[in-house]
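Notes follow the structure.
The values are calculated or read from the model by the stated rules, or taken from the named source; none is laboratory data. Predicted model, so just to flag it, every value in this text is computed and none were measured. Every residue, glycine among them, receives a Cβ derived from its backbone with ideal geometry; neighbour counts consider all protein chains shown.
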Amino acid sequence: MRMLGKMWRDNKSFVAFLFLMVLFRSAVADWNVVPSGSMLPTIREGDRIFVDKMAYDLRVPLTHITIAHLHDPQRGDIVTIDSSAAHELIVKRLIGLPGDSVAMRDNVLYVNGVRADYQPLHLKPLPGDATSPGDYLTERFDGVVHIVRLAPDAPSPRDSFGPVVVPSGEYLMLGDNRDDSADSRYFGFFPRKELMGRTRHVAYSLDADHYYKPRFERFGAPLDAASLGASR
């Protein structure tokens, strides 16, 4: 007991720091590893993204219990989702708000009957292009501007759907890597309670294909800007 008491006295400041850090990462902000390429080119494999967990809701630390709704999710947000349908934490872009009518025809998006505008981009190959060459386009709709990736040689079997109307309290999400993303086309609409936070920046990035070499140009970079700037 004396040894335990001495260990506590010697380390209580460190234990308190760890406890507060766990609470902070649970309820306020965190960084998440991105293991897949479903959000290419916006989020690259090996990126650690900074997640604002108070972007939408205030929750009891270490739980999913909501204390207060702070802000409504916005079209174009990149969202972390603790999906019961996918059985894991996933990252996708918010496309359809409650009440929206959303459709897709051969990877061309329509929101509330308005066709998104597409402009081709000439970017250097990114991870994933080796096995399935990608085409990159700027997608614009309802004030949202970002880059999407298409794989002409391996099109998604769900590159067309709808129109569907997004139910109240739920959201339609798509990956920016449109031909290689398990999103609302597979899991359906995502309820508000599963939206855990919003990400806008890369925290840091490591290149697993090159011995986890740091990609310093992506450290702290805005996601939508980094997807274009790091790919030129």
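For region 119-148, the set of residues classified as free of Cβ contacts under 8 Å to residues at least 60 places away in the same chain, outside any loop (DSSP other than H, G, I, E, B) and surrounded by fewer than 16 Cβ atoms within 10 Å (Cβ to Cβ) consists of Q119, P120, T138, R140, listed by residue number. Every condition in (1) surrounded by fewer than 19 Cβ atoms within 10 Å (Cβ to Cβ); (2) within 24 Å of L223 (Cα to Cα); (3) under 21 Å from the mean Cα position of the chain (by Cα) is met by G188 except one, and the failing one is (2).
Kindly establish whether L172 is free of Cβ contacts under 8 Å to residues at least 60 places away in the same chain, touching a strand residue (DSSP E or B) at 6+ places or on another chain (Cβ under 7 Å) and not in a loop (DSSP other than H, G, I, E, B). No: the conditions fail for L172.
Checking each residue in region 197-208 for being in contact with a strand residue (DSSP E or B) (Cβ under 9 Å, 6 or more places away or on another chain) and surrounded by fewer than 21 Cβ atoms within 10 Å (Cβ to Cβ) picks out R198, R200, H201, A203, Y204, L206, D207. Of the residues making up region 63-111, those that are of a type in the set (D, E, K, R), surrounded by 14 or more Cβ atoms within 10 Å (Cβ to Cβ), out of contact with any Asp or Glu (no Cβ under 6 Å at 6 or more places or on another chain) and at pLDDT below 95 number 0. State which residue is nearest to E194 (Cα to Cα) when the search covers only region 64-86 and only residues that are part of a loop (DSSP other than H, G, I, E, B) and without any contact (Cβ under 8 Å) to a residue 24 or more places away in the chain. It comes out as I65.
Please indicate, with yes or no, whether at least one residue in region 26-47 is aromatic (F, W, Y), farther than 23 Å from F216 by Cβ and at pLDDT below 85. No - not one qualifying residue is present in region 26-47. Here are some conditions: (1) closer than 29 Å to G220 by Cβ; (2) at pLDDT below 90. D153 meets all but one. Which one does it not meet? The single condition D153 does not satisfy is (1).
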